[in-house]
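Read through the structure below, which is laid out as C-alpha cells, and then see the notes.
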Amino acid sequence: MPAIDAARLIELQEDLGGDPGLFKQILRSFLDEAPQQLAEGRQASRDGRAQGVHEAYHSLKSTSATVGAMTFSALCKEIELAARGGTVLDPEKFDRADRLFEEARRELEARL
C-alpha cells in the first residue's frame, strides 16, 4: 500500500488552482515541520504529558491528511484520541508513527 494517496494530492493541487509553487511549499512545510512535531509528541509521552501528545498528534493528523499521508494520519488520530483521554501510549505506537512518516516523506520528496 502506498504511503501517499495520489488522488488526495491531485485534489490538493486542484484546490490550489494548479499552482505548482504553492503545492510544493505545502509539501515542504509538512516535511520540515512533522519531524519536530513527532519529537515533541514523543518527549511529551516520556514526560507523561498527555496534553502535549494530544497537541502534537492533533496537528500531525490534519497536516498529514492534507498531503495524502492517510495511513499516517489515521495513526496520528489514534494517538491523539488516546492522549485526549489521558492515556500516554506504548512507545511502539510512536515508533510506528516515525516509520509511517518516513515512508510518506520518501514519496512526497519524490514529488518535489
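The values are calculated or read from the model by the stated rules, or taken from the named source; none is laboratory data. As the structure is a computational prediction, the values presented were derived from the model and not from experiment. Neighbour counts run over all protein chains shown; Cβ positions are idealised from the backbone, glycine included.
Just give me the residues in the stretch 24-63 being part of a loop (DSSP other than H, G, I, E, B) and surrounded by fewer than 13 Cβ atoms within 10 Å (Cβ to Cβ), in sequence order.
Of everything in the stretch 24-63, those that are part of a loop (DSSP other than H, G, I, E, B) and surrounded by fewer than 13 Cβ atoms within 10 Å (Cβ to Cβ) turn out to be Asp47, Gly48.
Pairs needed: first member in the stretch 1-19, under 17 Å from Phe30 (Cα atoms); second member anywhere, of a type in the set (Ser, Thr, Tyr); C-beta distance under 9 Å; at least 6 residues apart or different chains.
Going by the 9 Å Cβ cut-off, the qualifying pairs are Ala3/Thr71; Asp5/Thr71; Arg8/Thr66; Leu12/Thr66.
Can you find, within the stretch 55-92, the residue that is farthest from Met1 (Cα to Cα) among those that are at pLDDT 95 or above and of a type in the set (S, T, N, Q)?
Within the stretch 55-92, the match that is farthest from Met1 (Cα to Cα) is Ser59.
Name the pairs whose Cβ atoms lie under 6 Å apart, with the first residue in the stretch 68-80 and closer than 16 Å to Arg105 by Cα, the second assigned to a helix (DSSP H, G or I) and of a type in the set (D, E, K, R), and 6 or more positions between them or separate chains?
That search, which allows pairs on different chains as well, returns Gly68/Arg8; Ser73/Lys61; Cys76/Lys61.
Which residues, counting only those in the stretch 64-92, are buried (at least 20 other Cβ atoms within 10 Å of the Cβ) and either assigned to a helix (DSSP H, G or I) or not hydrophobic (A, V, I, L, M, F, W, C) (or both)?
Ser64, Gly68, Phe72, Ser73, Leu75, Cys76, Ile79, Glu80, Ala83
Scan the stretch 28-44 and report the pairs whose first residue is touching a residue at least 60 places away in the same chain (Cβ under 8 Å) and whose second residue is assigned to a helix (DSSP H, G or I) and acidic (Asp, Glu), with Cβ atoms within less than 8 Å and a gap of 6+ or a chain change.
Final answer for the pair search is Leu31/Glu109; Leu38/Asp98.
Please specify each residue of the stretch 32-54 satisfying the condition of being at pLDDT 95 or above and either acidic (Asp, Glu) or touching a strand residue (DSSP E or B) at 6+ places or on another chain (Cβ under 7 Å) (or both).
Scanning the stretch 32-54 gives Asp32, Glu33, Glu40.
Determine, yes or no, whether Phe72 is touching a Leu at 6+ places or on another chain (Cβ under 8 Å) and under 28 Å from Asp19 (Cα atoms).
yes
From the set of residues in the stretch 1-60 that are among the hydroxyl-bearing types (Ser, Thr, Tyr) and under 15 Å from Arg84 (Cα atoms), which is farthest from the chain's Cα centre (by Cα)?
Ser45
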